2 protein chains.
Amino acid sequence: MAAPVVANGPGKEENRGGGGGGGSIGRPTNPMVTPLLTDLYQFTMAYAYWKAGKHNERAVFDLYFRKNPFGGEYTVFAGLDECIKLIANFKFTEDEIAFIQASLPPSCEIGFYNYLRGIDCSDVEIHAISEGFVVFPKIPLMRVEGPVAVVQLLETPLLNLVNYASLVATNAARHRFVAGKSKLLLEFGLRRAQGPDGGIGASKYCYMGGFDATSNVAAGQLFGIPLRGTHSHAFVSSFMSPDEIVEKSLKSSDGSSVCKDFVSSVQSWLSKLKRSQLLGGIFGETNQSEIAAFVSYALAFPQNFLALVDTYDVMRSGIPNFCAVALALNDLGYKAVGIRLDSGDLAYLSCETRKFFQGIEKEFKIAGFGKTSITASNDLNEETLDALNKQGHEVDAFGIGTHLVTCYAQPALGGVFKLVEINKQPRIKLSEDVSKVSIPCKKRSYRLYGKEGYPLVDIMTGENEPPPKVGERILCRHPFNESKRAYVVPQRVEELMKCFWPGQSGKVREELQPIKLIRERCINQLDLMRPDHMRRLNPTPYKVSVSAKLYDFIHFLWLNEAPVGELE
Amino acid sequence: MAAPVVANGPGKEENRGGGGGGGSIGRPTNPMVTPLLTDLYQFTMAYAYWKAGKHNERAVFDLYFRKNPFGGEYTVFAGLDECIKLIANFKFTEDEIAFIQASLPPSCEIGFYNYLRGIDCSDVEIHAISEGFVVFPKIPLMRVEGPVAVVQLLETPLLNLVNYASLVATNAARHRFVAGKSKLLLEFGLRRAQGPDGGIGASKYCYMGGFDATSNVAAGQLFGIPLRGTHSHAFVSSFMSPDEIVEKSLKSSDGSSVCKDFVSSVQSWLSKLKRSQLLGGIFGETNQSEIAAFVSYALAFPQNFLALVDTYDVMRSGIPNFCAVALALNDLGYKAVGIRLDSGDLAYLSCETRKFFQGIEKEFKIAGFGKTSITASNDLNEETLDALNKQGHEVDAFGIGTHLVTCYAQPALGGVFKLVEINKQPRIKLSEDVSKVSIPCKKRSYRLYGKEGYPLVDIMTGENEPPPKVGERILCRHPFNESKRAYVVPQRVEELMKCFWPGQSGKVREELQPIKLIRERCINQLDLMRPDHMRRLNPTPYKVSVSAKLYDFIHFLWLNEAPVGELE
């Protein structure tokens, strides 16, 4: 991570032992991510495994999801970094052990708590797809192998750390897709997020999914994400009139001169605008509280003047007031950044504003003024961005909050964690709903690329099957639908899961990477996909398959476990 | 709070100075709730206020929302406790100051950072409605008064702490309303929550809103919420057959005897069930992996045997296997707790299961067996609970996760924080959308009760207006709709906001209360409401009003600030 994780604040926990060779791996961002952040039933199961002498049986669990979110056909995998940090630091404190003991029935044997005292994740092995990859249903995002009781305890926190992270990263990627690459995308969601680290997590994973900056200062500090923000309506209405401005002088940009009365300079520009043939008539008296606020903000940030223009009336007050201040700043060698619109018809207002800016450029010969930046906010989402595109707009930057960070269109990703093997025996979970049947066996998975460089299909195989080879035909089968299968001759074969946490020493471990690199990977991955998988309306499903051998084994096991019905 | 707040783990932060007489008030639950958990623009505004010499002007902000969530007509106010803890500990560390300095333009003067170093909330005054109260749109939940720059910094964290807390508490209350008082409601959402403290917050506020317990162990430790949980599908499929059970003995409940081979005892019950005229024919061979798992779980928790019965087939395997184990336990004096259904037609399966239980009670004369508890889970929400009620079901307890904790039906509450007065001057924020116009002035608010004991209307008045009096007629006006007004003769008058954080010494401060008391208050408050406000379909809006004097003032100010249009 580029920035230190909670440098010397909350992160400190001297009494937690560290867990199994974490070494240089830091702690989870949120100090509340401890081994107690799990469901009670993980402990009751751990006790039952322990009581049955089964707790050290080696189990393999797959973490995956069943359906892409937001009606789309892709998902961005995120949250792995936090998962590995949890695992590297997985160790119970004495307080935690005492609390677990108080929470389980008194009949539970004391030996179990000694067992808990001793466990960490040194015997757990994590294979995972790299964070930031584009991923698909059924393909394991993580394969967690280790003593069944320990891995069972990890189920809830791993799901918690992956589900929302992947959901919001995907949401960010989808917003970027609609907005287009040229727009600046700002995440403004902290106040509406689901709790404090709902906000911090959103900032982290929206950046990962392709946003440019956040308003969230804590996220800026934790992850090194660029920060953005100017002022609110309250700032505007906290002023009464320019009369209250005491210190009115402003140095020129190059320091060579001082404007003694910047307020007068602004007011004189306002008069010029009003008298202009090109611009006049649009407005009469502008709001005095607003002009006072804009002048004060410009005096504080002459190099970064960006004004919220809709507190009273955009075209009759906000825009002329902004322009008067921007022109007075221009006289002193400063270039105003732009305006923000937070209500009304954003398409119309942004176009009208652009015309006004261009009118000023023309009338007063201020080169570049027509290109002054327009930021829009106000409950934006994929649909409103799409609608703005269709109507035509002049917005350069979008500030997106509520819909983005709470994933309003679908606020949960249904990731699951299923046992696929124990003691080398493959296991299956059946269900009347075929989509809920798990794919048994310890597996590997590969992405097969076609001639044009696009990924064609993901395929799962048994752990010990030979990998697909470039140029060699391989049969890819739908895991549950007999008739869906296709031969593929891959031009490139990419193994999807790598080892991120070693069970045995000597194994190569993938290093955790800074968020900026994960973000780049994510953007590259999204670019790599065939466009029809990515479109908003009726995207083509990306194919997910199993090898012929795995297919046969799944169906053998299924028949074996399912009870034979009797028609009555 | 009943339980210590992160007892000796994450909460420690030796280097934060404490803030303005917090005294016995603890820190926020999540250590990431620091003064940096805010939007950057709060700092740019604070700088601009400071630069204009305006930072100490006394400002009043109202925190309120504009629309009840979930298509309902009420909201539960939650999150106040965390807000007061934030305020009591509001103080920047040197690291935080350094980060702010690095985030603002280099042109910002150094004096500002010295100013930030010195601030805390000792000069801030918080009036708020008590946590757990039923609340309505437009009525301030909190009134925050203090130096404008300091109060501005509080906007984002206060909204973050109140928005989701109130939303999820309301969601819990709504689920309780549909489920009915007799059902046990369990919150199971951690794995699908929006991040770690999305999960912890959900557990806290679902309990507050009327749930009985959570699966989230960390929330149990932090807040003393009762914990619940048994086992998952993975536990069932981790077993192969009863042959692998090594330690088969089980002591009787009173310790007087030992069953040497509990597995045989279960198998003999399974044969009896199969031969029974009443129950036979429903099932053939049950799943061996499942019976092994149930026996192991019963051996670990003979007093708390609750089994998940849908891993293979509910009626053909899960229920007979459960009953065989339960009956063998019964022979030893133990009473099985019950079963959990996690898929399929919950109405049908619960009724069939109940019949099976009752059949056993009758056939084998096991008193009470027919009442064995049935828990249902699997993507439940208000609608599915309502549908189950309509179809008829035999479920005793509901485990609710995703829809509850992510507030799937509406994942955000749009709480806002608006300036209503500065330097004793009332301020208004206009908007083309009337619902977005703020109600100016430092205000008080009252709940007026009618003859039947129900609340009739909430009314806001200016701070210095005489309060409404019992038995005295008062005119209640809709704040924006001239024609909507009504005379009310209150039988009881309740002032809604109390002082929770003192600005001046000597003021009485409301104490923060344990979560169990807030939960009781919430349940009582919900009971107090007239039923037609609470129903799911077409509920009657509860009336929210202003005094005649405040009405006149709002409209005077509005005309004063709005620009006069010119038709072209």
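Within the set B:K67, B:K91, B:K85, B:K54, the sole residue that is within 18 Å of B:K138 (Cβ to Cβ) and either at pLDDT 95 or above or in a helix (DSSP H, G or I) (or both) turns out to be B:K67.
Please state which one of B:S268, B:S256, B:S237, B:S249 is over 30 Å from A:G79 (Cα atoms) and either at pLDDT below 95 or in contact with a strand residue (DSSP E or B) (Cβ under 6 Å, 6 or more places away or on another chain) (or both).
B:S249
Just one of the listed residues (A:T353, A:T375) is under 23 Å from the mean Cα position of the chain (by Cα) and either at positive phi or at pLDDT 95 or above (or both), namely A:T375. Pairing each residue of segment B:446-460 that is hydroxyl-bearing (S, T, Y) with any residue that is surrounded by fewer than 20 Cβ atoms within 10 Å (Cβ to Cβ) and outside any loop (DSSP other than H, G, I, E, B), provided the two are 6+ apart or on different chains, yields C-beta distances under 6 Å for B:Y446/B:V493; B:Y446/B:E495; B:Y449/B:R492.
Selection within segment B:123-161: residues that are surrounded by fewer than 24 Cβ atoms within 10 Å (Cβ to Cβ) and of a type in the set (D, E, K, R). The member of this set that is nearest to B:Q42 (Cα to Cα) is B:E145.
Please tell me if A:F90 is touching a residue at least 40 places away in the same chain (Cβ under 8 Å) and over 18 Å from the mean Cα position of the chain (by Cα).
Details: touching a residue at least 40 places away in the same chain (Cβ under 8 Å): yes; over 18 Å from the mean Cα position of the chain (by Cα): yes.
For A:F90, the condition - touching a residue at least 40 places away in the same chain (Cβ under 8 Å) and over 18 Å from the mean Cα position of the chain (by Cα) - is met.
Out of A:A336, A:A397, report the one residue that is crowded, with 19+ Cβ neighbours inside 10 Å, out of contact with any Cys (no Cβ under 7 Å at 6 or more places or on another chain) and more than 27 Å from A:A172 (Cβ to Cβ). Every option except A:A336 fails the conditions.
For the list (1) crowded, with 17+ Cβ neighbours inside 10 Å; (2) more than 9 Å from every other protein chain (Cβ to nearest Cβ); (3) of a type outside the set (F, W, Y); (4) farther than 24 Å from A:I225 by Cβ, I need the number of the one condition that B:G118 fails. Checking B:G118 against (1) crowded, with 17+ Cβ neighbours inside 10 Å; (2) more than 9 Å from every other protein chain (Cβ to nearest Cβ); (3) of a type outside the set (F, W, Y); (4) farther than 24 Å from A:I225 by Cβ, the one that fails is (1).
Does at least one position in segment B:461-481 carry a residue that is in the same structural domain as B:I139 (by TED's automatic domain parsing), basic (K, R) and under 29 Å from the mean Cα position of the chain (by Cα)?
Checking segment B:461-481: not a single residue is in the same structural domain as B:I139 (by TED's automatic domain parsing), basic (K, R) and under 29 Å from the mean Cα position of the chain (by Cα).
A residue that is buried (at least 18 other Cβ atoms within 10 Å of the Cβ) and either within 14 Å of chain B (Cβ to nearest Cβ) or free of Cβ contacts under 8 Å to residues at least 12 places away in the same chain (or both) occurs nowhere in segment A:354-365.
A:S317 passes every criterion in (1) part of a helix (DSSP H, G or I); (2) surrounded by fewer than 24 Cβ atoms within 10 Å (Cβ to Cβ); (3) facing chain B (nearest Cβ under 10 Å); (4) of a type outside the set (A, V, I, L, M) apart from (2).
Considering only residues that are away from chain A (no Cβ under 14 Å) and of a type in the set (G, A, S), which ones fall in segment B:173-197? Write out each step before concluding.
If we filter segment B:173-197 for residues that are away from chain A (no Cβ under 14 Å), which is where we start, we get B:173-185.
Residues satisfying the conditions are B:A173, B:A179, B:G180, B:S182.
Has segment A:389-402 got any residue that is within 7 Å of chain B (Cβ to nearest Cβ) and more than 30 Å from A:T353 (Cα to Cα)? No, because not a single residue in segment A:389-402 is within 7 Å of chain B (Cβ to nearest Cβ) and more than 30 Å from A:T353 (Cα to Cα).
Taking the conditions (1) closer than 19 Å to B:E247 by Cα; (2) modelled with pLDDT of 95 or more in turn, B:S289 satisfies each one other than (2).
Does B:S257 meet the test of being out of contact with any helix residue (DSSP H, G or I) (no Cβ under 8 Å at 6 or more places or on another chain) and either touching a residue at least 60 places away in the same chain (Cβ under 8 Å) or not assigned by TED's automatic domain parsing to the domain that holds B:G359 (or both)? I'd like the intermediate steps shown before the answer.
Values: out of contact with any helix residue (DSSP H, G or I) (no Cβ under 8 Å at 6 or more places or on another chain): yes; either touching a residue at least 60 places away in the same chain (Cβ under 8 Å) or not assigned by TED's automatic domain parsing to the domain that holds B:G359 (or both): yes.
For B:S257, the condition - out of contact with any helix residue (DSSP H, G or I) (no Cβ under 8 Å at 6 or more places or on another chain) and either touching a residue at least 60 places away in the same chain (Cβ under 8 Å) or not assigned by TED's automatic domain parsing to the domain that holds B:G359 (or both) - is met.
On the stretch given as segment B:271-289, residues that are part of a helix (DSSP H, G or I) and within 14 Å of chain A (Cβ to nearest Cβ) total 3.
For segment B:294-314, the set of residues classified as closer than 16 Å to B:L341 by Cα, at pLDDT 95 or above and either not assigned by TED's automatic domain parsing to the domain that holds B:L341 or not in a strand (DSSP E or B) (or both) consists of B:F294, B:F305, B:V309, listed by residue number. Checking each residue in segment B:198-237 for being hydrophobic (A, V, I, L, M, F, W, C), assigned to a helix (DSSP H, G or I), more than 10 Å from every other protein chain (Cβ to nearest Cβ) and within 12 Å of the chain's Cα centre (by Cα) picks out B:C206, B:M208. Filtered by the rule that a residue be within 7 Å of another protein chain (Cβ to nearest Cβ) and buried (at least 24 other Cβ atoms within 10 Å of the Cβ), segment A:408-424 gives A:P411, A:A412, A:L419. The number of residues in segment B:439-467 being surrounded by 22 or more Cβ atoms within 10 Å (Cβ to Cβ) and part of a loop (DSSP other than H, G, I, E, B) comes to 3. Taking B:F112, is it in the same structural domain as B:V168 (by TED's automatic domain parsing) and touching a Pro at 6+ places or on another chain (Cβ under 7 Å)? Taking the combined requirement at face value, the residue does not satisfy it. Being more than 25 Å from B:A202 (Cβ to Cβ) and within 13 Å of chain A (Cβ to nearest Cβ) is true of B:V148. With respect to the conditions (1) assigned to a helix (DSSP H, G or I); (2) under 25 Å from B:T230 (Cα atoms), A:A173 lacks only one, and its number is (2).
The values are calculated or read from the model by the stated rules, or taken from the named source; none is laboratory data. Please read these numbers as outputs of a predicted model, since none were measured by experiment. When we count neighbours, we look across all protein chains shown, and the Cβ atoms used for this are built from the backbone with ideal geometry, even at glycine.
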